[in-house]
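Below you'll find the structure, written out as structure tokens, and then a few comments.
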Amino acid sequence: MSRSDNDNNQFSGLSQAVPLLHWLKNYNRDTFLRDLLGASIVSFMFLPQSLAYAILAGLPVQMGLYASVVPLIGYALFGTSRVLAVGPVAIISLMTASALAPLATAGTPLYVSLAMALALASGVILILMGIFRLGFLSNLLSYTVISSFVTASAVIIALSQLSSILGIKTSGSNLVQLVPQFIEKLPDFNQATLALGAASLAFLIAARLWLGKLLLQRGFSPKTATMIGRAGPLGAAVVFTLISMLLDLPSLGVKTVGQLPSGFVHLGVPEAAKELTYANWRSLLFPAILISIIGFVESVSVAQVFAAKRRELIHTNSELIGLGASNALSFFAGAMPVSGGFSRSVVNSDAGVETQVASLFTAAGIGLIMLFLTPVIAHVPQAVLAATIMVAVLSLAELKILWQTWTYSKADFTAAAATMLITLVEGVELGVAVGVSISVLMYLNRTATPHIAIVGLVPKTEHFRNINRHNVLTSNDILSLRIDESLYFVNAKYLEESVTELLLEYPKVKHFVLICSAINFIDSSALESLESINHRLRDMGVQFHLSEVKGPVMDRLKRSDFLSQITGKVFLSQFLAISELDPALVKRAFADGNDDPDLEAA
């Protein structure tokens, strides 16, 4: 039995609600050293990212640092992934900026208060979803919609950060807002800022693409080479901050982070947030729901990737509570919405982190940085942070999703293209809403008109296949119909109409058999339709039979009067149905000389 098997079996009582307690039972010196190593690396990696994502969200940079301390404690207590690193991430920062832009001016006290309130609202929503076990709602966001949304968001983020690299100021959450400003202010770019930003981009791209390979050639182990390569953002921040200080780049117009409040995070209800009105909170409800769902999907996706590699189990409803606790604590720390981050989680995994104690160490590390290094952080050039964001988000873009969906499924292409276009033109909130709506509508359309097939017996076998695809044997007296979808109110009438049309097309039929092998449930509307079909067939002198009904479906049917009213029988299998209703057909199927050339394809 693997370690994860033992873990899953021993989660019980309080340790099931707080997984950290279970992990601490077997905590030892080796585990401590692994957690401490991973936390030490992530703490310094967190630094440039935390600052950068706060700027992306239109917030003071210290809020990014606050979001990298206290929220980690919430996930460490309730999260089920050993290596997931929670904190500010690019997509959630962009969604925060997009949600708050119509409500207040970036950087103002009201804007900051709304950002903190958004974190609390998102946290409460996530916790409630976890309590009511609503983790399945994330399935409404298909891979196609998520990938298209992330790709479009990456383009918007990259363009917004390109302005910082050029030393110009633009604002907006979509291309319609950003592009005109970018074109208008482009002639005013700052040469020193552009040089620094371009050098930072080159440094980061080189570190991402070639540093790891170079280190491997020099004899470094693959794990060490990978981890050093991923520390590129930290290296860029250190190198170009020193250059900024030595050359006094601010005197040339290069913007830096600026003076930060010193000291540790102060917990409590932020004074500014106390002044928010009911209207303010209400305006945050829809953005909070979207941020909650997107953040959860992103977080749990990252967690599941590493859980699969480590043969561990992720509990989605516990993840909701852990992520919700992180966001709720973010509010009390005066910070912004957070989620699970991929790059930091990769470092945790590569460093051999064993438990979420590493997150507690990371929080402590960021806290120490805030206490002692804020004078140095003040000199970090904003162009370097912008370059860090650009390189990070562009690696997430998947433009190939359009080509892949076009060649595989035109319906998925429609959802992908619409999500991407609306996100680029109107912003992230409407883009996600449109993508989800299109996906749901396409699902309803597919299930409203499900595939149905008249089937016949494949010679020499007990298998039944579509008469339009295979050489099969059929009976003039029996019409066997397979419907490849569960029956509910959306497609109930479609089934009724299809059966009626088929019986008119085959007037000599005496037995109609509905094959239920693909039916997982039948709702009340569909049951009414089955009763209507039964009555109609009885009036036509045709017996109505069912075959291959699944257990749960049969249990529901037994609670109704349908089985006592049906004119025919319920057969365990389609072969048994044909064997009883037309034994001659079965005999003919197994007679010599009956071979099916398409059997192999079936």
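Here are the numbers for the structure shown:
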| quantity | calculated |
| --- | --- |
| Length-normalised contact order for region 124-225 - Cα pairs under 8 Å, 6+ apart - percent | 17 |
| Estimated D of region 457-602 in µm² per second, where Rh is the Kirkwood radius over Cα pairs and Stokes-Einstein applies at 37 °C, 0.692 mPa s | 207 |
| Label point at Lys274 placed 7 Å out along Cα→Cβ; residues across region 50-81 whose backbone nitrogen lies under 11 Å | none |
| Radius of gyration and Dmax over the Cα atoms of region 544-588, both given in Å | 12.2, 39 |
| Cβ-placed point charges (K, R +1; D, E -1), dipole of the chain about Cα centre in debye, nearest 20 | 1280 |
| Approximate spin-label separation Leu110-Arg538, in nm, with each point projected 7 Å along Cα-to-Cβ | 6.9 |
| Antiparallel DSSP beta bridges within the chain, percent to nearest 5 | 45 |
| Which of Tyr488, Tyr506 is most accessible, then next, and so on - probe 1.4 Å | Tyr506, Tyr488 |
| Two-site FRET efficiency, Thr567 against Lys493, from Cβ-Cβ distance with R₀ of 25 Å, rounded to 0.05 | 0.75 |
| Full-extension gain in nm, Glu531 to Ala17, via 0.36 nm per residue minus C-alpha separation | 180.3 nm |
| Distance histogram in 10 Å bins (all Cα pairs of region 8-102, percent per bin) | 15, 37, 28, 17, 4, 0 |
| Inter-site label distance for Glu505 and His266 at 7 Å from Cα along Cβ, in nm | 7.6 |
| DSSP loop trypsin sites (Lys or Arg not before Pro) with at most 12 other Cβ within 10 Å: longest gap in the chain | 312-468 |
| Heavy-atom accessible area per residue - region 434-577, 1.4 Å, Å² | 50 |
| Solvent-accessible area of Val238 with every protein chain in place, 1.4 Å probe, in Å² to the nearest 10 | 80 |
| The chain - percent relative contact order, Cα under 8 Å, separation 6 or more | 22 |
| Cα long-axis angle, helix 29-56 against the chain (0 to 90 degrees, to the nearest 10) | 80 |
| Average projected area [Cα convex hull, region 280-374], square nanometres | 7.5 |
| Estimated inter-spin distance, Asp484 and Leu252, nm [label 7 Å along Cα→Cβ] | 6.5 |
| Efficiency of FRET from Cβ geometry, Ile131 and Arg469, R₀ 41 Å, rounded to 0.05 | 0.25 |
| Debye log10 I(q)/I(0) for region 321-418, one point scatterer per Cα, at q = 0.14, 0.15, 0.20 Å⁻¹ | -0.87, -0.95, -1.22 |
| Correct choice for Cα extents along the principal axes in Å that was computed from the model, options (1) 81, 70, 44; (2) 70, 65, 57; (3) 96, 59, 57 | (3) |
| Relative contact order for region 492-602, counting Cα pairs under 8 Å that sit 6 or more residues apart, in percent | 25 |
| Alpha carbon convex hull of region 84-207, projected area averaged over orientations, nm² | 10.4 |
| Rg/Rg_globular for region 474-524, with Rg_globular taken as 2.2 N^0.38 Å and Rg from C-alpha atoms | 1.20 |
| Region 147-189, Rg to Rh (Cα coordinates; Rh as Kirkwood inverse mean 1/r) | 1.00 |
| Normalised convex hull volume, region 151-271, alpha-carbon set, Å³ per residue | 204 |
| Reach of Lys508 by Cα under 13 Å, taken over aspartates and glutamates that are not fewer than 8 positions away in the same chain | Asp477 |
| Degrees, to the nearest 10: 524-539 long Cα axis against longest axis of the chain | 20 |
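The values are calculated or read from the model by the stated rules, or taken from the named source; none is laboratory data. From a predicted model like this one, the values you see are computed outputs, not experimental measurements. Note that each Cβ is placed from the backbone with ideal geometry, even for glycine, and that neighbours are counted across all protein chains shown. Note: areas computed on protein heavy atoms with side chains; ligands, DNA, RNA excluded. Shrake-Rupley method; radii C 1.70, N 1.55, O 1.52, S 1.80 Å.
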